[in-house]
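The values are calculated or read from the model by the stated rules, or taken from the named source; none is laboratory data. This is a predicted model, so every value here is computed, not measured. All Cβ positions, glycine included, derive from the backbone under ideal geometry; neighbour counts span all protein chains shown.
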Amino acid sequence: MNTIQLELYNELPQPKPILKWAGGKQQMLDILQSNVPKQFNKYIEPFFGGGALFFTLQPNKAVIADSNPELINLYTVVANNVEELISLLKEMNNTEEEFYRIRSLDITKMSAVEQAARTIFLNKTCFNGLYRVNRKGEFNVPYGKYKNPNICDEPNLRAASIALKRIKIVQGDYKEILKDYAEPGDFIYLDPPYLPISKYSDFKRYTKEQFYEEDQRELAEEVDRLAEMGCHVLLTNSNHPLVHELYGKYKISVHQTKRYINSDATKRTGEDVLVKVEPIKKLIIVPKPVELPKQMELFPATRYMGSKQSLLKDIWTVASEFEFETVLDLFSGSSVVSYMFKSQNKQVFSNDYMAFSACFAKSMIENNQYRLSDEDVKMLCTPNPNADGFVTETFRDLYFAEEDNIFIDTVRANIKMLKNEYKKAIAQSALVRACLKKRPRGIFTYTGHRYDDGRRDLLLSLEEQFVEAVSLINSAVFDNGKTNKARHGDAMEARFKADMVYIDPPYYSPLSDNEYVRRYHFIEGLVRDWKGVEMQWHTKTKKFKSYPTPFSSEKGAYDAFNQLFKRHRESILIVSYSSNSLPTKDDMLKLMSKYKAHVEVIEVDHRYSFGNQGHKVGDNKNEVKEYLFVGFDR
């Protein structure tokens, strides 16, 4: 480039469209610009046409494309051979004879620059600047009879050349372009052929291809895919009912525009629709490592069926993707998830239908300040002549030694002497934990001590376990500055309203049962003081009748999930679920999708602390995938 050319390029204006193009967006530029995302990765425009928005934005990273090969050839030449193109255009004259001569040329015998010059010349001198071809693909628009068309706009061609040099120009179908180039964070502007589709539509005027209703529907599916991918999308079309049907879930605005290509001036008005599509918030499918607060180290973990202790980081990784202040833990179990949310300074509403689980939540979630003193512990451990001996008599030789049973009855009697409800909850929780730790495998589905492996927990007396449990729970009590609540009741009837709802229900599987009462009837009876339960005295374990639950059958679980998702449809939903449970993964996705605009599933490899009836399915029964279903709205 010589010195004169450098000076010319230094004084170039803002580029504008090189061609007059049917459906061009010059008159909508202000509206389009106001809806462009503030930040994006790269710009993609697969129905490029005149490129009004591109030339206004002049993005440094862009892919422009069109299915019209002559159009793409033009922009490629402007980018790479603009001075040669200018020289050819200067030689062309606006006469009817010259017009029809150039129109009749066989483009297959012309160089790329000659083809580009022909495209611009015909566009500037033909009727209304149309681009229309016959069935053979031959340009057939008549001469426009304009007195002084600007055939060679040198400054604009040079300015456009600079804008086009730094980007990628591709010829091809829009779907292939988007498949090959669209990435999360990109901004995609779509200006497809407008509805209604007819033989007189604008699209047929500048391409020999067709774009029918089914093509419009395919485009809408592609827009959904782009949003799912995490792209920003703007789409323009006519104010047609099908457009509203296809894009009703997105932001739609209607704008008055003029149609310059219609020969009848009375019909040169119209309404354009702008569809604005924000990228759907995309979660990380493989959870990234996160660090939990130090407070979590103080949670007194124990072996509990279905406990999510090992999944806390995965759960928080997903939850932390959202902004929320309140969370409802519908099936709190050991309360470890509620405790994790509390440690993240969220207001927590904890619920469980098991009394001992609700007791855990009362002592460590709702309770922000109360602890058992040394005097309290001493009182609780002091023999009480008013103890009723229920455990000693009812469960003799079943689960614990005689002295341990006597101690349990002692604490049961002394807990009633505590006046503070949170101190009572701590004492009951400590007694429950002591029984779980002292019991081989931590369950009460068998009698005796056949799983005694000699570990420390089994060597300690139950009183020693209790005192240790009190110390651990006392240490776990903290104030997160929120008014947290613990509820004992049916999850189907919980009326808490929260920004996020975490659901970890009993998993139904035909290969194993999910009866928490059968496994934990002893500690459940302990907290309930065996009041309001139906004892089954004939059984060896002296269990009581299980609570009715919808999660004991596939249909019941399906209906329960449907009801829960419906009730909490205004909240962010996170559901822990197992790959060997029913309803299936696909059923769960469909169910949640009825009430949430977007649903994702994150798979986490997980091994439970012990398998359920592993002899039925082999040695690896406890190796499953844990699913985290996430439902949210835009």
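Within the stretch 510-559, which residues are small (G, A, S) and buried (at least 20 other Cβ atoms within 10 Å of the Cβ)? Scanning the stretch 510-559 gives G525, A557. Among the residues of the stretch 472-483, are any under 26 Å from V575 (Cα atoms) and touching an Asp or Glu at 6+ places or on another chain (Cβ under 9 Å)? Yes - at least one qualifying residue is present in the stretch 472-483.
If the condition is being over 22 Å from Y516 (Cα atoms) and of a type in the set (A, V, I, L, M, F, W, C), then the stretch 541-573 contributes F565, I572, L573. The C-beta contact set for the stretch 214-226 (first residue in the same structural domain as Y43 (by TED's automatic domain parsing), second residue assigned to a helix (DSSP H, G or I) and not small (G, A, S), distance under 6 angstrom, 6+ apart or interchain) comprises A220/L246.
Of all residues in the stretch 523-544, those satisfying the criterion of being farther than 14 Å from V391 by Cα and either assigned to a helix (DSSP H, G or I) or free of Cβ contacts under 8 Å to residues at least 12 places away in the same chain (or both) are G532, E534, Q536, H538, T539. Looking across the stretch 124-143, the residues that are crowded, with 20+ Cβ neighbours inside 10 Å and more than 47 Å from the chain's Cα centre (by Cα) come down to K124, T125, C126, F139, V141. The set of residues in the stretch 447-467 being in contact with a helix residue (DSSP H, G or I) (Cβ under 8 Å, 6 or more places away or on another chain) and assigned to a loop (DSSP other than H, G, I, E, B) consists of H449, R450, Y451, D452, D453, L460, S461.
Here L573 clears all of (1) assigned to a helix (DSSP H, G or I); (2) under 33 Å from the mean Cα position of the chain (by Cα) except the condition numbered (1). Once the stretch 427-470 is narrowed to residues that are of a type in the set (K, R) and in contact with a Ser or Thr (Cβ under 9 Å, 6 or more places away or on another chain), the residue that is nearest to A358 (Cα to Cα) is R433.
The residue that is nearest to L32 (Cα to Cα), among those in the stretch 57-97 that are assigned to a helix (DSSP H, G or I) and of a type in the set (S, T, Y), is Y75.
Every residue, every condition in (1) of a type outside the set (A, V, I, L, M, F, W, C); (2) in the same structural domain as I574 (by TED's automatic domain parsing); (3) more than 24 Å from R441 (Cβ to Cβ); (4) in contact (Cβ under 8 Å) with a residue 60 or more places away in the chain, yes or no:
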{"residue": "Q309", "(1), (2), (3), (4)": "yes, yes, no, no"}
{"residue": "L312", "(1), (2), (3), (4)": "no, yes, no, no"}
{"residue": "D329", "(1), (2), (3), (4)": "yes, yes, yes, yes"}
{"residue": "G333", "(1), (2), (3), (4)": "yes, yes, no, yes"}
{"residue": "F341", "(1), (2), (3), (4)": "no, yes, yes, yes"}
{"residue": "Q344", "(1), (2), (3), (4)": "yes, yes, yes, no"}
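Residues that are surrounded by 19 or more Cβ atoms within 10 Å (Cβ to Cβ), touching a strand residue (DSSP E or B) at 6+ places or on another chain (Cβ under 7 Å) and modelled with pLDDT of 95 or more do not occur anywhere in the stretch 98-105. Can you say whether F47 is assigned to a loop (DSSP other than H, G, I, E, B) and touching a residue at least 12 places away in the same chain (Cβ under 8 Å), as far as the supplied structure shows? Here the answer is yes, as F47 does meet what is asked.
When I503, I443, I426 are checked against the criterion of being β-branched (V, I, T), more than 30 Å from S579 (Cβ to Cβ) and either in contact with a helix residue (DSSP H, G or I) (Cβ under 7 Å, 6 or more places away or on another chain) or at pLDDT below 95 (or both), a single residue qualifies: I426.
Does L53 satisfy the condition of being buried (at least 20 other Cβ atoms within 10 Å of the Cβ), more than 39 Å from the chain's Cα centre (by Cα) and in the same structural domain as V254 (by TED's automatic domain parsing)? No, not satisfied.
Of the listed requirements (1) assigned to a loop (DSSP other than H, G, I, E, B); (2) in contact (Cβ under 8 Å) with a residue 60 or more places away in the chain; (3) not polar (S, T, N, Q), R396 misses just one: (2). Taking residues in the stretch 148-169 that are outside the structural domain of S87 (by TED's automatic domain parsing) and closer than 16 Å to G50 by Cα, and partners anywhere that are modelled with pLDDT of 95 or more and of a type in the set (G, A, S), not one pair has Cβ atoms closer than 6 Å while being at least 6 places apart or on different chains.
Does I86 meet the test of being over 25 Å from T125 (Cα atoms) and in contact (Cβ under 8 Å) with a residue 40 or more places away in the chain? Judged against the criteria, I86 is not a match. Answer yes if at least one residue in the stretch 594-611 is at pLDDT 90 or above, polar (S, T, N, Q) and farther than 30 Å from Y250 by Cβ, and no otherwise. Scanning the stretch 594-611 turns up no residue that is at pLDDT 90 or above, polar (S, T, N, Q) and farther than 30 Å from Y250 by Cβ. What residue, of E403, E463, E421, is acidic (D, E), closer than 30 Å to T326 by Cα and touching a residue at least 40 places away in the same chain (Cβ under 8 Å)? Every option except E421 fails the conditions. Among the residues of the stretch 219-248, those identified as over 24 Å from P37 (Cα atoms) and either surrounded by 14 or more Cβ atoms within 10 Å (Cβ to Cβ) or basic (K, R) (or both) are H240, L242.
Within the stretch 314-370, how many residues are of a type in the set (D, E, K, R), surrounded by 24 or more Cβ atoms within 10 Å (Cβ to Cβ) and assigned to a loop (DSSP other than H, G, I, E, B)? The number of residues fulfilling the criteria is 0. Here Y520, Y558, Y502, Y547 are screened, and the one residue that is assigned by TED's automatic domain parsing to the domain that holds A355, of a type in the set (F, W, Y), within 37 Å of the chain's Cα centre (by Cα) and part of a strand (DSSP E or B) is Y502. For the stretch 468-499, the tally of residues that are under 26 Å from K378 (Cβ atoms) and in a helix (DSSP H, G or I) stands at 9.
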